[in-house]
Amino acid sequence: MANLKLVNKTDTQETTLVQISDRVTIGGSQLTLIGGPCSVENLEQMDTVANTLKTAPVQAIRGGVFKPRTSPYSFQGLGQEGLSILTEMRRRHGLPVVTEVMSISQIEAIASHADMLQVGSRNMQNFDLLKALGQVDKPILLKRGLAATLDEFLGAAEYILSHGNPQVVLCERGIRSFDNFTRNVLDLGIVAALKQLTHLPVIVDPSHAAGKRELVAPLAKAAIAGGADGLMIECHPTPEQSVSDARQALSLDDMVTLVRELAPLATAIGRTVEISEEISEGEESNFSLPQTIAA
Ligand code: PEP
Ligand code: MN
């Protein structure tokens, strides 16, 4: 959109770096991987997740504590107790935490516990919330609305920037279409377009796009090949028992495998992923590029 002064990029502008902790920055040549369950369920669940994922490694963990559920009778999240669990995860494991904010009244509590505040798809055009997040000194992960156009998505980001907060990361998570075999349709076209039109980092959530765990890894890989700056993926110690979005949750083992499989892909496009200690201590990835390409 022509009149979006702050999100548009000039031809030569690099991607803006959004810092979510001392060690973790989104938008650089190193990809940012965020993993964790759809919902924070209890301390033990999150401890198991963080313990495994920090060795994968991922750079941040996620978990919803205020959940936007379709039915008012579904689990709504642990609220304040969930925030305390997330803070404890940062303390124990040194990983920054990302969680969703649904209303202005939740901002203060969430901003004092989380390293990054997620605006969910259902709130992408909650303009009062976006304006309020413009006043927050924490990075914002803005997810694309369920049926939002590119202009609407960038317009939403412009709201946050124009109200004073330049730290915004965009997240494509699939859009509604006619075929419900996948939960949503992952739109890699918009990822490519956003990378050309805006200087903001763009990450992809293949979990809510796929809706089925067996489709998550291929979509994750396609997103990285297509230029995304990172991924946010749902995973759980016992995926089938997840209180929300069970069907799309990866096991922790599958998550670790996926992170390893991303390394050679990242290399192929001139980017990197943080390598797990095991691999850097000598274990080779069993994926290799054909000789002609690798040479
Ligand atoms: C989530 O990340 O758990 C979530 C609710 O995602 P979305 O807003 O993309 O549906
Ligand atoms: Mn979810």
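Hey, PRO218 hits all of (1) open to solvent by 10 Å² or more (accessible area, probe 1.4 Å); (2) in contact with a Cys (Cβ under 6 Å, 6 or more places away or on another chain) but one; which does it fall short on?
Tallying (1) open to solvent by 10 Å² or more (accessible area, probe 1.4 Å); (2) in contact with a Cys (Cβ under 6 Å, 6 or more places away or on another chain), PRO218 fails exactly one: (2).
Please go through the range 221-243 and pick out each residue that is surrounded by fewer than 24 Cβ atoms within 10 Å (Cβ to Cβ) and either hydroxyl-bearing (Ser, Thr, Tyr) or in a loop (DSSP other than H, G, I, E, B) (or both).
GLY226, GLY227, PRO237, THR238, SER242, VAL243
Check whether at least one residue in the range 156-167 is within 16 Å of ligand 2 (Cβ to nearest atom) and hydrophobic (A, V, I, L, M, F, W, C), and report yes or no.
The answer is no; no qualifying residue exists.
Checking ALA147 against (1) over 28 Å from HIS113 (Cα atoms); (2) touching a residue at least 40 places away in the same chain (Cβ under 8 Å); (3) open to solvent by 50 Å² or more (accessible area, probe 1.4 Å), only one condition comes out false. Which one?
So the condition that ALA147 fails would be (2).
For residues in the range 168-192 being assigned to a strand (DSSP E or B) and open to solvent by 10 Å² or more (accessible area, probe 1.4 Å), which is farthest from ALA210 (Cα to Cα)?
ILE175
From the list GLY82, GLY77, pick out the single residue that is more than 14 Å from the chain's Cα centre (by Cα), at positive phi and within 16 Å of ligand 1 (Cβ to nearest atom).
Within the list GLY82, GLY77, the selection yields GLY77.
Being within 23 Å of SER244 (Cα to Cα), modelled with pLDDT of 95 or more, touching a helix residue (DSSP H, G or I) at 6+ places or on another chain (Cβ under 9 Å) and not hydrophobic (A, V, I, L, M, F, W, C) narrows it down to one residue among LYS138, LYS143; which is it?
Testing whether each residue is within 23 Å of SER244 (Cα to Cα), modelled with pLDDT of 95 or more, touching a helix residue (DSSP H, G or I) at 6+ places or on another chain (Cβ under 9 Å) and not hydrophobic (A, V, I, L, M, F, W, C) leaves just LYS143.
The values are calculated or read from the model by the stated rules, or taken from the named source; none is laboratory data. Quantities reported herein were computed from a predicted structural model and do not represent experimental measurements. Heads up, the Cβs are rebuilt from the backbone with ideal geometry, glycines too, and the neighbour counts pull from every protein chain shown. These accessible areas exclude ligands, DNA and RNA; they are computed on the full protein's heavy atoms, side chains included. Shrake-Rupley method; radii C 1.70, N 1.55, O 1.52, S 1.80 Å.
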